[in-house]
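The values are calculated or read from the model by the stated rules, or taken from the named source; none is laboratory data. These figures come from a predicted structure and were not determined experimentally. Note: ideal-geometry Cβ built from the backbone for every residue, glycine included; neighbour counts use all protein chains shown. SASA here: full protein model, heavy atoms, side chains in, ligands and nucleic acids out. Shrake-Rupley method; radii C 1.70, N 1.55, O 1.52, S 1.80 Å.
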Amino acid sequence: MSPIIIKTIQFFLSLSILIVLHELGHFIPAKYFKTRVEKFYLFFDVKFALFKKKIGDTEYGIGWLPLGGYVKISGMIDESMDKEAMAEEPKEWEFRSKPAWQRLIIMLGGVTVNFVLAVIIFIGLAFTYGEQYISNDGLKDGVWVTDTTLGDALGVKTGDRFVAIDGKEVENLQTIPYELVYGEKFTIERDGSNIDKEVPVDFIETISENRDQAQFIKPRLPFVISQIPAESQNVASGFEPGDVLTSISGTQVAYQDQVFPILESKKGLTIDVIVNRKGTEVPLKAKISEDAKFGLMIGLTTTDAEEQGYLKIKTTDYTFLESIPAGWNKGVKTLTDYIKGMKKIFNPDTGAYKEVGGFAAIGGMFPDTWNWPAFWATTAFISIILAFMNILPIPALDGGHVMFLLYEMVTGRKPSDKFLEYAQITGFFILIALLLFANGNDVYKWLFK
């Protein structure tokens, strides 16, 4: 099965779960407060539905337009714009007849479920799989900055050690690029001294332009040969799997990051190298290709790297009770980081608005092979996104309804139905504009990047 199909299946499965549970967040309190729910739909049933069945007062169905879902609550000005029903006298089972606090609970139900769902998923992942990562403070000789463009933008170079980002100690090496995207300042250790730096305001734009190098902070590892391909120009040069490169043309090298710049200067040449083979130095002649490569496969497993002292792997297993605060903290941090990212989007200087994506971007977040931990982690993240986006005070979103309800509760005056109708229409056009912009960005990136 192709990676695109696998991503698509995961996307629709995740989206379906999130939509149904979000709408249940509205449906359950509405039924609890004896408010009639006329429709409960996964996806939109514009003109027709793929499936529908009426049970009691509610019609349950699946629409054909996969842009979301909805519950139609009687006596509520929503996307259905049912003006005829709203022109009649209020009924006791209608939304508009309920106290403001009950209406507020109904409207907050969807985003609450989204956030709680994300926390539950994070709890399940922590309990089932625990947590494993490369410890930042366990690196032997600092980090390897694999992309000089990103490193120069930050003022960071190979050999530096990250101490803190936004005042918080850095524990997980693999999350450093992610933390820097959302961060504002950081501290590194260089030559025994701590140096405070600021994340450039346009760093999001810089990293997006170097998307293939987004994971540009890595541990420094030796140049260990793992395989000699049959087509390699050095297949007969005497290399063996397990050899560790220690010298190139008389220059001592300890790490991969020291090797590649030398290869750039030796393109097309045959040079002297020395490898360490099970404790013995072995001199060899090696050919460098025109694209500055040995033609060898290299690599060192994290287990071997840890045994040899280059890094440390931190593993945490959680009991069920321990996984609860771990999942909660993960949910809160994910939401907090997303809010930081949204703030950057509204600042044109950051260039973050260029990274706003639509359905293709969301689908691209899923792995291209079926991986349940990755699927659920991505679903939890999207659930956080839906919670935040839906609570924005935009008419036609849950947050718009909440905004007007809070106004009513504070002032004691309910906005007129006519005002709410116009607000709903305005919000609808805002959402269409945002949808076009986000998905337009996806198309632009597909065509030009």
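Some values worked out for this structure:
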{"read-out": "Partners for LYS98 among lysines (Cα-Cα distance below 20 Å; same-chain residues under 8 apart left out)", "value": "LYS31, LYS34, LYS39, LYS72, LYS83, LYS414, LYS418"}
{"read-out": "Assigned charges on the beta-carbon of Lys, Arg, Asp, Glu; segment 168-220 dipole about Cα centre (debye)", "value": "200 debye"}
{"read-out": "Probe 1.4 Å, accessible area per residue of the chain, Å²", "value": "54 Å²"}
{"read-out": "Relative frequency of Cα-Cα separations exceeding 30 Å in the chain, percent", "value": "58 percent"}
{"read-out": "Alpha-carbon Debye profile of segment 108-159, log10 I(q)/I(0) at 0.14, 0.15 Å⁻¹", "value": "-0.68, -0.70"}
{"read-out": "Within the chain, helix-based [θ] at 222 nm, where runs of 4 or more DSSP H residues each add -39,500 (n - 2.57), nearest 500", "value": "-14500 deg cm²/dmol"}
{"read-out": "Among LEU154, SER249, ILE134 the positive-end extreme of the charge dipole of segment 133-285 (Cβ point charges)", "value": "SER249"}
{"read-out": "Once the Cα gyration tensor of segment 349-431 is diagonalised, semi-axes √(5λ) in Å", "value": "35, 15, 11"}
{"read-out": "log₁₀ of I(q)/I(0) at q = 0.19 Å⁻¹ - segment 290-449, Debye sum with one point per alpha carbon", "value": "-1.29"}
{"read-out": "Kirkwood hydrodynamic radius (C-alpha pairs) into Stokes-Einstein, segment 189-334, 20 °C and 1.002 mPa s, D in µm²/s", "value": "114 µm²/s"}
{"read-out": "Farthest positive-ward along the chain dipole, Cα basis, beta-carbon charges - from THR206, PHE40, PHE12", "value": "PHE40"}
{"read-out": "Segment 300-350 - charge dipole about Cα centre, Lys and Arg +1 at Cβ, Asp and Glu -1, debye rounded to 20", "value": "420 debye"}
{"read-out": "Partner lysines for LYS140 [C-alpha distance under 16 Å; skip if fewer than 8 residues away on the same chain]", "value": "LYS157, LYS218, LYS312, LYS314"}
{"read-out": "Accessible-area composition of the chain, carbon plus sulfur, in percent [1.4 Å probe]", "value": "60 percent"}
{"read-out": "Crossing angle, helix 3-32 versus the chain [Cα axis fit, 0-90 degrees, rounded to tens]", "value": "30 degrees"}
